[in-house]
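Values in this text are rule-based calculations from the coordinates and carry no lab data. Small disclaimer: the values here were computed from a predicted structure and weren't measured. Using ideal geometry, Cβ is built from the backbone for each residue, glycine included, and neighbour counts are taken over all protein chains shown.
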Amino acid sequence: MSSELPAGVERRVVDGRERLATRGEPVYGEPTDGEWRAWNPARSKLGAMLELGMETAFEGGERVLYLGAASGTTVSHVADFAGPTYAVEFAPRPARDLLSVAASRPRLFPLLKDARRPETYAHVVEAGVDAIVQDVATRGQARVALENRRFLADDGRLLLAVKARSEDVAREPAAVFEEITDELAAEYALLERRRLEPYHADHLAVVAEPR
């Protein structure tokens, strides 16, 4: 695997086999080894990107905007190794769970907001974040990435997990992926793209930087 893991993420033997792991309070029933908690790539698109050796450019300590935080499975791992991590979630129920996750993570800031309306949290999220991680289950996933481009530093990275079935359940995933990446190319230079099988069916991971 070509990419180096960020500081704060290690491959450790947890529950009898080697896994990605971060230091922090467990969140979703993941196995632990002391203060280390396994990062399950089958439950995390970003975890799958790291497991597959994609070049995320994470080094540790970054300022992160996470779009589609849900109940905190992945963003909790991000907050374990990153700097200030703004977690946007639209649905009230998972957002309540996210508040509990944040209780032991002082760098994690949950926001009950709609990622399609970045103007509603522009007064909270500092401009110039080092990374945007996007994992939203909605139509218009490219548009969400384009609308949130305003927060990303010029040398930052977009780490996008495209869900084909959320975009259009009737179309072939390959056609959906091509359309979304073409739309992204208006404002992002695409550095790497990769299907997330065997961890996630009908998902494409994209690493991009602002143009």
Per DSSP H run of at least 4 residues, take -39500 (n - 2.57); add these up for the chain, divide by its residues and hand me the 222 nm value, nearest 500 deg cm²/dmol.
-6500 deg cm²/dmol
Size of charge dipole - the chain - debye, nearest 20, with Cβ of Lys, Arg +1 and Asp, Glu -1, no other charges
560
State the Cα centre-to-centre distance between the range 32-61 and the range 144-161 in whole Å.
20
Ranked by how many other beta carbons lie within 10 Å on average, peptides 9-20, 135-146 from highest:
135-146, 9-20
Could you grab the Rg to Rh ratio for the chain? Cα atoms only, Kirkwood for Rh.
0.94
Which order, highest average first, do 93-103, 41-51 follow once you tally other Cβ atoms within 10 Å for each residue and take the mean per peptide?
41-51, 93-103
When the Cα centres of the range 77-102 and the range 170-211 are compared, how far apart do they sit, in Å?
24
The range 40-210: relative contact order from alpha carbon pairs under 8 Å, six or more residues apart, as a whole percent, is 21
Taking +1 at the Cβ of each Lys and Arg and -1 at the Cβ of each Asp and Glu, which of Leu152, Val64, Pro118 sits farthest along the dipole of the chain towards its positive end, judged by Cα position relative to the Cα centre?
Pro118
